[in-house]
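Novice: Once you've had a glance at the structure underneath, I'll fire off some questions.
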Amino acid sequence: MKARLRAGLAWLGILLIGIVVFFPIAWGVKTSLTAPLGLGGGSGLIHLQNYRYILSQPLFLLYVKNSVIVSLGAVLAAIPMAILGGYALARFDFPGKRLSVLLLVLPLLPAIAVLVPLIVYMRRVGLYNTLLAVILANVVFNTPFAVWMVRGFILSIPIEIEEAATIDGCSRLEALWQIDLPLAAPGMIAVGIFIFINSWNNYLYAFAFTTSPELAVLPQALLRFLGAWGTNYGGLTAAATLALLPPAALFLLSQRWFIMGMLAGTGK
Amino acid sequence: MAEQRVVRRLSRRDFMRLSSLGLVALGLGGCVMPTAVAPAASPQPSPALKKPVTIKWAHYFDPLQSPAQKFNYAWMERMVATFEEKYPEINVEPEYFDWDKIDNRSILDYEAGIKHDVMFGSPQLMAKHFQVGDYIDLTPYIKQWPEDEVKDFSWSPVWASARQDDVQIGVPTGVHTRSVAYRRDMFKEAGLDPDTPPKTWDECLEAAKALTKGDVWGLGMYFGPSRATIELYFAPFVWHFGGELWDPATKKATFASEAGVKAAQVIYDLVYTHKVTPESAIGGTYDDAILASFLAGRLAMGWGFGSYWIVSLEEKGFIKNCFPAKAECTEETAGVMVTPTAPGAQFTNAWTLSIHKLSEHPAEAFKFLEFLIAPENLYDFPDAGLPARLSLWSKAEFQSSFYQKWLEAARKGRPMPPTVHYPELADTTAACLQEILVNKAPIAETLKKFEDEWNAKYAGA
Amino acid sequence: MPSTLERSIAFTRRPGWSLYLRHRYRLPYLLLLPVVLLLLLFLAWPLASVFYFSLRRTPLGEPSQFVGLDNFALLFREARFLGNILASLQYLVGVLGLSVPVAYLAAVLISSKVRGAGAFRTLFLLPWIIAPVVSAILFRTMVDPYTGPVARALETLTGRKYLFLVNPQLAVITIIVHSAWRSFPLEMLLIAAGLTSIPQELYDSAKVDGAGGWAQFRYVTLPLTKNQLFVAVLLITIWTLQDAEGVYSLTQGGPGYTTEVVGVRLFKEAFIYFNVGIAAAIGVVLIALSVLFMVFYLRVLGAGEGQ
């Protein structure tokens, strides 16, 4: 009896939170399915015009491509650095290790505060107005956290396994490659997804570091539906729904490891 | 234990899942590659057809934008095609920028050394462009024009806003002005004559009171966080009462003057005393507060109704044969009236065309600029709805009373003050009005407080 | 002052510089080199320049000049900037106060043994996956007094009109709810990670000791999730403090300057007004605020370091 009551209460809680969580999303999807210019019309039917329109725009696909390049680029650049750095912090003692806290603290400083000097800097090194600059900014502000997560995963792997391997003649790096990496794979996936989603949603870096229209990323493109000539909410929400699919798909496919990885990365 | 769960090699099933993940990523990358050529980027010319000169044209016509934009976009593509046909030695490459960032892009890119050629710009920001120097002086080119040609443009206030000390940095393309849109049917219901809309502010206020009932507000305005607030709602009343927002002699803000206080009082009374303007006008967006509300029937009169919205009135069926303009243009459910303020007390602007300072081909760029503003091309430039050339106004399709009212509005308009810190001035006055309206703050003191704060930082430029 | 003797002892205990580069330290340094280089080049340097820029006036198109602390003086003499800081603090307290308890509750629910609850682990993460600019616009349309479902529902229930982005209190609530909605999934995930790592035996022995539900929470759950809570609160604090896009897309700082948090002000000064000096000075203030909060959390929660 008591267990059932408890389950009932739990479901009630989930339901209430669920309503708050899903309502805005449902509202967005609903808006995307109403007819364009449907200011007064509320026939309640599902209209796919917005989606058809968005998908017929080569520009939209270009923005998707840019977002994919930026997000995947950030993940691919950050993960190796995070693995190396995280491994060093987890498995070695060395003078100055305490300073590594700075690694955690520095990137927590507000990115927006350093944006203006970073623009000047990017110009000077010739990276301004390239997707590389956007990738770099995402890497800079995500890698340190990734380092700490990787460190957590590696700490959760018993060092004995690694020691056994070294006795068998593996070097430390071989041990990292052959023992720790496969074991920490869920953690890598978690880190990768964390960086992917952060980069996918970021508006500020692309806004600050690029100027050419063909370098725009999705969040910038979405804002274009709010124009001076009336807001196209249907188009905006349809594009936003489509933009939600890649990260959501990635997430659904890998959520088990993601949660596992988060657990290991912050558990210690 | 948690650790044991983590310390687990990937099973075969995990491997399958992982590879499907990879496939998704590949698919994402793969499926978009072939379609990656944006219309904004020019097609890569094959070596045989290579043209000696390529100029870029920075525009704001986003093809992803609302339906109104498709006319603009089509016009832009046609211009590029016809120009390239006429001048095979010049290649035009359009580049898209957000409409509210195009001026800033020119400035930032000038500082960053990124080149542009022909660019659209806003007259409100010309002072800033003059200060930065990101546009070239067009005077040497314009000097070669026949005198009538200059006169054809210089009638609108936009010409003067792009001019400082005999240096001309921009040429107007179309006219953006505003009127008061009103519902003829609602006028009839309220016992007002739809054919003789209010001519003075007092008449307008009386009409607004008569029209307000039920879910319908008599007079729609907007005081939200946007430049529309100063341009279309605060400034017209400050000017109406004989004041100025900014003094060109001292280069100080003067919106807290007696006229400013009167203007703010008018706005306050509309919302709280007469209750003819909805309180929701203090927030949200200009489009929602005026255009969407008017089309949805929540407003009997919409103040600050832009000429760029003529197309929306037509699409809604409120007017007929007016977009594109025809001689038979008639006002059906809705009509427009010239803003009932004192002479000169309203705002008119336009998009201007300028040439970037870093342009490597200014002569070719100007050739293209001239091409765009040639009567036959400017004539159906759909963005403004209204031609920038005075001579075009004598065409038959602009003789309808609907368009003649717009012409009167355009002639009546004046530009925003030429301060370098115009964006700050606009934001400051909007925040100030909101403070007055939302917190019912004392009007004169609040205006003074915001004016002082602005002057402390920006006086002198 | 330490005595000479103490100092010399300390000196001999410290490994010499040559020791630092001894073989066994070389590998970890090499491994860390890429990250450290990246941060030095693209973070430490711009960080230093923020301080440099904050002491100069840099008008567009003209050479910049040293003005000392003028930019700071200008800011702190302004009622508007003091309001910006207060708005930021209010925003932060509101977001944390709203999202942390909900996240904690959600974490407990999704980690409970109730069947099917685990599925919501994933579903509840959706708000975090949506771009802030998009969710902000969704929230804006939801509270539109004429067409927004939330505003309409409230109107039907109470018979009053709710102007969310006009009424200062409601505007503040709107930006807080929006940000809390975005923040709670990550907090939930982190806390849930902590919850799952608590061994069941601890609860069992607590029950043997006669601890009730609250006592179990107070003496077992809370202390053992402190680390995760620390990480969550720290992350969300920094995200909230520097948030510009979310608030800007919702209210642009209005009505008046009610919701003009420091991040929004910085965004306006840097990218709309081009007042580089003022923007840098605001950046310095924002950095100082962030550091203050980090130190505060380290002190209060004492967790930190993640040892």
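Novice: Where a ≥ b ≥ c are the square roots of the eigenvalues of the C-alpha gyration tensor, would you call the protein assembly as shown rounded, which needs a/c under 1.5, or, failing that, prolate if a/b is larger than b/c, or oblate?
Specialist: The shape class here is prolate.
Novice: Points 7 angstrom from Cα along the Cβ direction at residue B:209 and residue A:166: gap in nanometres?
Specialist: Using points 7 Å along Cα→Cβ, the separation is 9.1 nm.
Novice: Step through the residues of the range B:250-262 one at a time and calculate ³J(HN,Hα) from phi using the Karplus curve (6.51 cos²θ - 1.76 cosθ + 1.60, θ = phi - 60°), rounding each to whole Hz and writing x for Gly and Pro.
Specialist: Couplings: 8, 6, 10, 6, 10, 6, 8, 5, 4, 5, x, 4, 4 Hz.
Novice: How much of the DSSP beta bridge set in the protein assembly as shown is antiparallel, as a percent to the nearest 5?
Specialist: 70 percent
Novice: Moving to a separate point now. So for chain B, what percent of the C-alpha to C-alpha distances run longer than 38 Å?
Specialist: Values: 34311 of 106030 pairs.
It works out to 32 percent of all Cα pairs.
Novice: Residue by residue through C:156-168, how many Cβ atoms from other chains fall within 10 Å of the Cβ on average?
Specialist: Mean number of neighbouring Cβ atoms from other chains: 3.
Novice: While we're here: Considering only C-alpha atoms, what is the centroid distance from the range C:275-299 to the range C:85-111, in Å?
Specialist: The distance from the Cα centre of the range C:275-299 to that of the range C:85-111 comes to 21 Å.
Novice: Same structure, new question: Please arrange B:322, A:170 by counting, for each residue, the other beta carbons lying within 10 Å of its beta carbon, fewest first.
Specialist: Numbers: B:322 24, A:170 16.
Ascending Cβ contact count within 10 Å gives the list A:170, B:322.
Novice: Can you give the FRET efficiency to the nearest 0.05 for residue B:380 and residue B:408, using r as the Cβ-Cβ distance and R₀ = 25 Å?
Specialist: E between residue B:380 and residue B:408, to the nearest 0.05, is 0.70.
Novice: Ranking B:395, A:65 by Cβ neighbours within 10 Å, fewest first, what do you get?
Specialist: Result, fewest neighbours first: B:395, A:65.
Novice: For chain A, what class follows from the C-alpha gyration tensor (a ≥ b ≥ c being the square roots of its eigenvalues): rounded when a/c is under 1.5, otherwise prolate if a/b is larger than b/c, else oblate?
Specialist: oblate
Novice: Would you mind checking B:151/B:252; B:188/B:209; B:101/B:320; B:151/B:412; B:199/B:412; B:213/C:161 for any pair whose Cα atoms are more than 24 angstrom apart?
Specialist: From the list (B:151/B:252; B:188/B:209; B:101/B:320; B:151/B:412; B:199/B:412; B:213/C:161), the Cα-Cα distance tops 24 Å for B:151/B:252; B:101/B:320.
Novice: For the residue pair residue C:295 and residue C:218, what label-to-label distance in nm results when each label sits 7 Å from Cα along the Cα-to-beta-carbon direction?
Specialist: Going from the residue C:295 label point to the residue C:218 one covers 3.3 nm.
Novice: Give me the base-10 log of I(q)/I(0) for the range B:122-216 at each q in 0.17, 0.23 Å⁻¹, Debye formula, one uniform scatterer per Cα, rounded to two decimals.
Specialist: -0.75, -1.14
Novice: Could you tell me whether chain C comes out rounded, prolate or oblate from its Cα gyration tensor? Rule is a ≥ b ≥ c as square roots of the eigenvalues, rounded for a/c under 1.5, then prolate if a/b exceeds b/c, otherwise oblate. Could you put the intermediate results ahead of the total?
Specialist: Numbers: a/c = 2.20, a/b = 1.06, b/c = 2.07.
Oblate, since a/c reaches 1.5 and b/c is not below a/b.
Novice: Restricting to DSSP H runs of at least four residues, report the calculated mean residue ellipticity at 222 nm for chain C, -39500 (n - 2.57) per run over all residues, nearest 500 deg cm²/dmol.
Specialist: -21500 deg cm²/dmol
Novice: For helix A:185-201, report the angle its Cα long axis makes with the longest principal axis of the Cα atoms of chain A; keep it between 0 and 90° and round to the nearest 10°.
Specialist: 40 degrees
Novice: Aspartates and glutamates near residue B:457 by alpha-carbon distance under 18 Å, same-chain residues fewer than 8 away left out - which ones?
Specialist: B:247, B:424, B:427, C:62, C:70, C:78, C:269
Novice: Show that you can apply the helix-only estimate: for chain A, add -39,500 (n - 2.57) for every DSSP H stretch of four or more residues, divide by all residues, and state [θ] at 222 nm to the nearest 500.
Specialist: Roughly -24000 deg cm²/dmol at 222 nm, from the helical runs in chain A.
Novice: Now a separate question. Taking only DSSP H segments of four or more residues, each worth -39500 (n - 2.57), what value at 222 nm results for chain B once the sum is divided by all its residues, to the nearest 500 deg cm²/dmol?
Specialist: -11500 deg cm²/dmol
Novice: Taking the Cβ of residue C:152 as the centre, find all other residues whose Cβ is under 15 Å away and add up their charges (Lys, Arg: +1; Asp, Glu: -1).
Specialist: +1
The numbers here are math on the coordinates, done by the rules we state, and not lab data. Since this is a predicted model, take the numbers as computed values, not measurements. Because the Cβ atoms are built from the backbone with ideal geometry, glycine has one as well, and the counts that use them run over all protein chains shown.
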